[in-house]
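Quick notes on the structure that follows.
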Amino acid sequence: MDPIINFLNGIFWGYILIYGLLAVGIYFTVRLGFLQIRHFPEFIRTVLKAPSKDRGGISPFQALCTSLASRIGTGNLAGVAVAITLGGPGAIFWMWMVALVGMATAYAESTLAQLFKARDENGQLRGGPAFYIAKGLNAPWAGAIFSVSLIIAFGLVFNAVQANSIAGAMEGAFDLPPMGVGIFVAILAGIVIFGGIRTVAKVSELVVPIMAGLYLLVAFYVIIVNISEVPHILSLIVKSAFGYEEALGGIAGAMLNGIKRGLFSNEAGMGSAPNIAAAATPNPHHPSSQGMVQGLGVFIDTILVCTATAIMILLSGVIEGGSSLTGVPLTQEAMGVHIGSAGTYFIAIAIFFFAFTSIIGNYSYAENAVIFLKGGKLGVLALRVVALMMVVWGAYESVATVFNLADAAMGLMATINLIAISLLSGLVVKLTRDYFEQRKTTDSPIFDPKDYPEVSDKIDLNIWDESKK
């Protein structure tokens, strides 16, 4: 089994996804006329607009926070440190570039998720790649494969990974037993996920802004204290990216590691965030508005949070000092330079909240997949129980084979999603043009199914008719 999984991972992560995700991001960036740059203020405006009154959905801000709950995880702390260690400061520049094109990919997949959304038996809005693959491409079998892959990766194994990170951080900082930490996290997560997607959204709406805000405030403090060094650090990042400064890994190492870590961190094109994007009730009620909300999520995750980690590490001087550490220990050592012994505790607490919100965010994606597979209430209950068991297991156990299986499952779902959004790109372009054509005369563009006869028999017309009332 191991050789097969390793072979698949080599194909997915060595060839298809690294180049595929980047190529699709560039493709949408160009085809949409550099939407994420030209219309960035609109990305912010769509988040701040009040949601429409639909009891079966969540607000655009809640959808953003829930997607950020999944996106902002230990990768923002450990992944950035690994990128710098392997690729030098220049890796951060390539993370920025990946995020910029990834914003277009995130916009495309979440716009499609909004368009093809449906209601479940309880009136809850559902949608995501499985839905637009099944309806938009008439390929329910591919949607089923995508859903199973998502459940394995995000619903189960990745939550074990996050729990393992929490347990390791708590044991290192506070000497707490991993098993006890795992049980505590599982209970806490259980309280949230048994409330369903709306409860996950409400908790994310409360926790994520505070968690990310405090982290960015500490980074801002570090920057202000070391403001005279910041221009040099920014210059080093750019010069190292193109090999003008001697850096570990050279230009190839900087580019490869920056691209990899950027893609893993913001998840643009992976097909994860669209699952929660479909549940949003945007106002203006147009698929493109929620696409822009999720594009902003990529910006926050990588351009803000990952950059904050990178600058704190580079300003600390621990890399130049010859530190042999990487991952979370390197980030902790850097924080220790800036704020003393409190740095270790601060990072441990940050990991707890970053990883915990990832657990509940990941679960919300998996629940959506179970609904698509017609799992019903029994299927959702089984998912919740097994997901919490994985949290406890992951806190004290680490089995490489299982984690490799999750990587393979994630690689498969991402590959399917990239093919799907590329095939449906014409629809994304049409929706985008429609939105901005209406924006010339109104603040609230409205989606009218009559203008889209090519999909009128594939979308839930009742949802869109209700939105006009």
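So which residues in segment 296-342 are within 27 Å of the chain's Cα centre (by Cα) and not in a helix (DSSP H, G or I), if there are any at all?
Scanning segment 296-342 gives L325, T326.
How do the pairs read when you match residues in segment 360-375 that are over 16 Å from T66 (Cβ atoms) with residues anywhere that are buried (at least 24 other Cβ atoms within 10 Å of the Cβ) and aliphatic (A, V, I, L, M), using Cβ under 7 Å and keeping only pairs 6 or more apart or on different chains?
Once the first residue is over 16 Å from T66 (Cβ atoms) and sits in segment 360-375, its partners that are buried (at least 24 other Cβ atoms within 10 Å of the Cβ) and aliphatic (A, V, I, L, M) give V370/I151; F372/A130.
With respect to V392, determine if the residue is β-branched (V, I, T), touching a residue at least 40 places away in the same chain (Cβ under 8 Å), assigned to a helix (DSSP H, G or I) and surrounded by fewer than 23 Cβ atoms within 10 Å (Cβ to Cβ).
Yes: the conditions hold for V392.
Return yes when V98 is under 30 Å from L314 (Cβ atoms) and touching a Cys at 6+ places or on another chain (Cβ under 6 Å) and no when it is not.
Details: under 30 Å from L314 (Cβ atoms): yes; touching a Cys at 6+ places or on another chain (Cβ under 6 Å): no.
No: the conditions fail for V98.
Across segment 118-150, what is the total count of residues that are open to solvent by 10 Å² or more (accessible area, probe 1.4 Å), assigned to a helix (DSSP H, G or I) and within 22 Å of Q290 (Cα to Cα)?
4
Just one of the numbered conditions (1) outside any helix (DSSP H, G or I); (2) touching a helix residue (DSSP H, G or I) at 6+ places or on another chain (Cβ under 6 Å); (3) at pLDDT 90 or above is not true of L176; which one?
L176 satisfies every listed condition except (3).
Could you count how many residues in segment 151-204 are of a type in the set (S, T, Y) and surrounded by fewer than 23 Cβ atoms within 10 Å (Cβ to Cβ)?
Result for segment 151-204: 1.
What tally of residues in segment 128-148 results from selecting those that are touching a helix residue (DSSP H, G or I) at 6+ places or on another chain (Cβ under 7 Å) and on the phi > 0 side of the Ramachandran plot?
Total satisfying the criteria: 1.
The values are calculated or read from the model by the stated rules, or taken from the named source; none is laboratory data. Note that the structure is predicted; figures quoted are calculated from it, not measured. Here Cβ is always computed from backbone atoms with ideal geometry, including for glycine, and neighbour counts include all displayed protein chains. Surface accessibility is based on the protein's heavy atoms, side chains included, excluding ligands, DNA and RNA. Shrake-Rupley method; radii C 1.70, N 1.55, O 1.52, S 1.80 Å.
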